[in-house]
Amino acid sequence: MAAEGVEKTSEDASSSGKVCTRFDLEKETELRFEVEAGEAADQVEMELLTGMAEVFGSELNRNKKYTFGPGSKIAVFTWQGCSVNLYGKPEVAYVSKDTPMLLYLNTHAALEQMRKQAERENERGPRVMVVGPADVGKSTVCRLLLSYAVRVGRRPTLVELDVGQSGVSVPGTVSALCIERPADVEEGFSVQAPLVYHFGSTTPGTNIKLYNKLTSCLAEVFSQRCEVNRKASVGGCIINTCGWVKGSGYQALVHCASTFQVDVVLVLDHERLYNELKRDLPHFVRVVLLPKSGGVV
C-alpha cells in the first residue's frame, strides 16, 4: 500500500543537509524502506518523533537518529501509531498495512507459554527451527522472536546454521550464541563468546556429511549447557537454517530437527515444504506455516 501522510520539511532538510521525509503511521502498520546498495550509496537516517515503534522486535528510542548503511532493508512497525522522519534518499520507502506481525507476536506468545510450562514442570523450553527457501526472511523472524523472548526476561540461544550469511560469525561457519539482550537496531545482536565451528564453504552441499556432523556437534554442546544452566534450558533455542530445502538440503533439515530434538518448526512461505515436514517429522513436533513479510530480509 502506498504511503499515507507523507510530508517533506525543508527546515529539517537544511539543518541536516539531507532531504527529510516524514511518515505518519497508523496503528499496526509498517514503514518499509531500502537503502541503495553499492560503495557510493549514501546512508539513510531514521528518527522516531512520536509514539512507539520497533525494528524487527527491537524498540526504538524517541528523538534518536539511527543510521543504516548501503543495502539495508528496514521495517519500522508500530502497534499504536507513530511519526517517523527519514533523512536522505532511500531507494524505496512506503507504508504498508499488510503485515504478518500479529501472527509473529502470537507465535512468540505461544512459545512463551511453553517456557512457562517448562518452568512449572521442570522441563526444557521450546526448541524452534525456522525453515524456508532463500529470501523469505528467516533471519529476521529469528531475530524478532529472540528479541521478544529477551524482553520478557528469557535467555534463549540462537543457533545459526546458514553458512551462506552467518549473523554470528563469518560466512562458512555454523555457530551458537546465548542471547541476553535485544538486538541493537543498527548492529544486530551483541556477539560475545559465541561457539563457532568452521565449515569452510558457503554451500552445505560442498560437504553435506561434515555439515550434518557440525550440526550434531552444536546440538550436543547446547544440550550439555542446558543440563547445567536452567535459564538456558527454559529459554530454549531458535535455529536459523539455510534456504536449501530440496534433496540433501531437505534431509539436512530433518537431521537438524532430530539432533536438536526440535518441538516447533516454523515454515515461511512454502506450503510444499510444510506438508513434507508434517509427513516426515514425529507427530509431537508442531509444524506451523507462516507468511513472509514484505519488510523482512
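Out of everything in the stretch 79-102 that is closer than 22 Å to LYS292 by Cα and charged (D, E, K, R), what residue ends up being nearest to the chain's Cα centre (by Cα)?
Among them, the one singled out is ASP98.
I'd like the residue in the stretch 193-212 that is loosely packed, with under 14 Cβ neighbours inside 10 Å and over 23 Å from the mean Cα position of the chain (by Cα) and, out of all such residues, is farthest from GLN251 (Cα to Cα).
Checked the stretch 193-212; the qualifying residue farthest from GLN251 (Cα to Cα) is GLY200.
Here is a yes/no grid of residues against (1) within 21 Å of LEU144 (Cα to Cα); (2) within 17 Å of the chain's Cα centre (by Cα); (3) touching a residue at least 24 places away in the same chain (Cβ under 8 Å); (4) in a strand (DSSP E or B):
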position: LYS18; (1), (2), (3), (4): no, no, yes, no
position: ALA40; (1), (2), (3), (4): no, no, no, no
position: ILE74; (1), (2), (3), (4): yes, yes, yes, yes
position: TYR104; (1), (2), (3), (4): yes, yes, yes, no
position: MET114; (1), (2), (3), (4): yes, no, yes, no
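May I ask you to verify whether VAL128 is farther than 19 Å from CYS242 by Cβ and either part of a loop (DSSP other than H, G, I, E, B) or under 16 Å from the mean Cα position of the chain (by Cα) (or both)?
Spelling it out, it is not the case that VAL128 is farther than 19 Å from CYS242 by Cβ and either part of a loop (DSSP other than H, G, I, E, B) or under 16 Å from the mean Cα position of the chain (by Cα) (or both).
Find the residue count for the stretch 265-293, including only residues that are closer than 29 Å to GLY188 by Cα, in contact (Cβ under 8 Å) with a residue 24 or more places away in the chain, out of contact with any Phe, Trp or Tyr (no Cβ under 9 Å at 6 or more places or on another chain) and surrounded by fewer than 21 Cβ atoms within 10 Å (Cβ to Cβ).
4
Does the stretch 210-226 contain at least one residue that is outside any helix (DSSP H, G or I) and closer than 11 Å to ALA176 by Cβ?
There is no residue in the stretch 210-226 that is outside any helix (DSSP H, G or I) and closer than 11 Å to ALA176 by Cβ.
FYI, it's all coordinate maths here, none of it is from the lab. All of these numbers come straight from a predicted model, not from anything done at the bench. Every residue, glycine as well, gets a Cβ built from its backbone with ideal geometry; the counts of neighbours run over all protein chains shown.
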